[in-house]
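Rule-based calculations on the coordinates, nothing more; no lab input. Note that the coordinates shown come from a computational prediction; the quantities given were computed from them, not determined experimentally. Neighbour counts run over all protein chains shown; Cβ positions are idealised from the backbone, glycine included.
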Amino acid sequence: MTSNTFPPPTSARHDTDSGTDSSGAADRDEAEEFLRRFHAEQPDQPVPLSRRLREVRAAIDTKGTYRHTRDELAFGARVAWRNSRRCIGRLYWNSLRVVDCRDATTPEEIHQHLREHLRQATNGGRVRPMISVFAPDAPGKPAPRVWNDQLIRYAGHRLEDGTVLGDAAYVDFTDLVRRFGWRDPEGPFDILPWLIDAPDDKPQLFDVPRELVLEVEIAHPHCPGIADLGLRWHAVPAISNMSLRVGGMDYPLAPFNGWYMGTEIGARNLVDEGRYNLLRDVAACFDMDTSEESTLWRDRALIELNVAVLHSFRAAGVRITDHHTESRRFLTHLAKEERQGRTVPTDWSWIVPPVSGGITPVFHRYYDDADQRPNFYPNDPAHYDDSFHHGCPHRQ
Ligand code: ARG
């Protein structure tokens, strides 16, 4: 496990005083600040700022909360992406598709929206950045959640000899869904079911429809041995355990996705010791000399695996980006934002790619790292199950 654990050890929910409090009430100051920002950045609103402020203040005073208009919600979600300090892919923040799912209450309705999210986001391989926003926390009415940290993840099966088949970071979650009755197929890439937790009901298990999960089989352009490893990865990374915080309100179920950067799969998911841990198998495919560290077989295997990931996604017509292109785009984003008079909150340790950091331009600079809102914050895992260990070491 690296130092880049996710979620971070202390949830932001506890070290700030904004967002909804434990009673579910909206934060008044944060609501006002958000509405002012919305009207400043998008001045042509049908309802003037002063009137909207009066409405929202009155609603918070009487009901403890207020309802975002669709335009406010869309703007809030886009700016939350723009403010995500760990995301290198923010150049396209303003084109995020925002789907309003606030009226879905039953597990079945939520399930239906999650399926629709996967379908639209996958888009036959032309992956689109998208967020589906469900009901917020409100006084006397807790919000729905899903317990999965991403909409698509692979199970980890602990075998009798102590090794793990599948994704080792998901052994505990796999045990958990098994306790809820999941009958796992026990292969290396079994898609975990959704655990949907709607208020007024106990959490319910739903299988993710196979036909909605686009996957890519990993092959190397020159080394046939790589295809023989039988590796694959899913096309859409859709984070489902972070709260969208907009205007003093928390939306704990707001799954969002972009498209993959190759290193996420080729340098982390398939490589981390706490994940698929495949570097030695890759080196063996190339007959690398692994007798000494100084042959740099690890580095060479890592690069070949990343070549294979990018090659396979492109050959399959599934949108993916490489870390050199994405680093340059990020600097374009910084320059654009600076021209708008905005700073770009950035966490260097997450932005610098996990391979070849120093030969990407994002390495060689300092960043402003102050937290800004709207934003995304990790949901409190203790909310649903104390016994459920939640330290999944994925990055970006
Ligand atoms: N690193 C995570 C994964 O491999 C995904 C995080 C979001 N990534 C993205 N490209 N939007 O599954």
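Provide the FRET efficiency to the nearest 0.05 for the T290-E211 pair, computing r from the beta carbons and using R0 = 45 Å.
Details: r = 40 Å, r/R0 = 0.90.
The pair T290/E211 has a calculated efficiency of 0.65.
Filter the GluC sites (Glu not before Pro) in region 286-330 down to the DSSP loop ones having no more than 13 other Cβ atoms within 10 Å, then list what survives.
Loop-located and lightly packed - E292.
Charges on Cβ only, +1 for Lys and Arg, -1 for Asp and Glu, centred on the Cα centroid of the chain; of P185, W147, S294, which one is farthest towards the dipole's positive end?
W147
What is the distance, in nm, between label points placed 7 Å from the Cα along the Cα-to-Cβ direction at D380 and at T163?
A separation of 4.1 nm, rounded to one decimal place.
Could you work out, for region 236-285, what percent of all Cα-Cα pairs fall into each 5 Å distance bin, beginning at 0 Å and stopping at the bin that holds the largest distance?
Going from the shortest bin to the longest, the percentages are 5, 18, 16, 16, 14, 11, 9, 6, 3, 2, 1.
Take the Cα of R314, step 7 Å along the line toward its Cβ, and report every residue of region 249-289 whose backbone nitrogen sits under 14 Å from that point.
262-263
Angle between the Cα long axis of helix 70-82 and the longest principal axis of the chain, 0 to 90 degrees, nearest 10?
Rounded to the nearest ten degrees, it is 40.
To the nearest 10 degrees, how steep is helix 107-122 against the longest Cα principal axis of the chain, on a 0 to 90 scale?
That helix lies at roughly 60 degrees to the long axis.
How do F173, F363 line up, fewest other C-beta atoms within 10 Å first? Numbers along the way, then the final one.
Values: F173 22, F363 14.
The fewest-first ordering by Cβ neighbours comes to F363, F173.
Could you name the aspartates and glutamates in cross-link range of K336, using Cα to Cα under 16 Å and dropping any fewer than eight places away on the same chain?
Those aspartates and glutamates meeting the cut-off are E41, E326, D368.
Where in region 70-86 does the label zone of S95 land, with the point 7 angstrom along Cα→C-beta and an amide N cut-off under 20 Å?
74-84
How large is the helix-only mean residue ellipticity at 222 nm for the chain, computed as the sum of -39500 (n - 2.57) over DSSP H runs with n ≥ 4, divided by its residue count, in deg cm²/dmol to the nearest 500? Don't skip to the answer; put the middle values down first.
Values: 11 runs with 123 residues, N = 396.
That comes out to -9500 deg cm²/dmol.
Which FRET efficiency value, to the nearest 0.05, is calculated for T106 and T343 with the Förster distance at 41 angstrom and r the Cβ-Cβ distance? Can you show the working numbers first?
Numbers: r = 42 Å, r/R0 = 1.02.
Calculated value: 0.45.
Cα-based Rg of region 238-396 per 2.2 N^0.38 Å, rounded to two decimals? Don't skip to the end; give the middle numbers.
Numbers: Rg = 18.5 Å, N = 159, 2.2 N^0.38 = 15.1 Å.
Against the empirical 2.2 N^0.38 Å value, I get 1.23 for region 238-396.
What does the extension gain come out to for Q42 and A227, with contour length at 0.36 nm per residue minus their alpha carbon separation? Don't jump to the answer; show the numbers that get you there.
Numbers: separation 185, 0.36 × 185 = 66.60 nm, distance 4.99 nm.
Length difference between fully extended and current span is 61.6 nm.
Where does helix 49-63 land angle-wise versus the long Cα axis of the chain, in degrees 0 to 90, nearest 10?
With both axes taken from Cα atoms, the answer is about 90 degrees.
Compute the Rg to Rh ratio over the chain from the alpha carbon atoms, using the Kirkwood formula for Rh, and round to two decimal places.
Values: Rg = 21.6 Å, Rh = 22.2 Å.
With Rh from the inverse mean 1/r over Cα pairs, Rg/Rh is 0.98.
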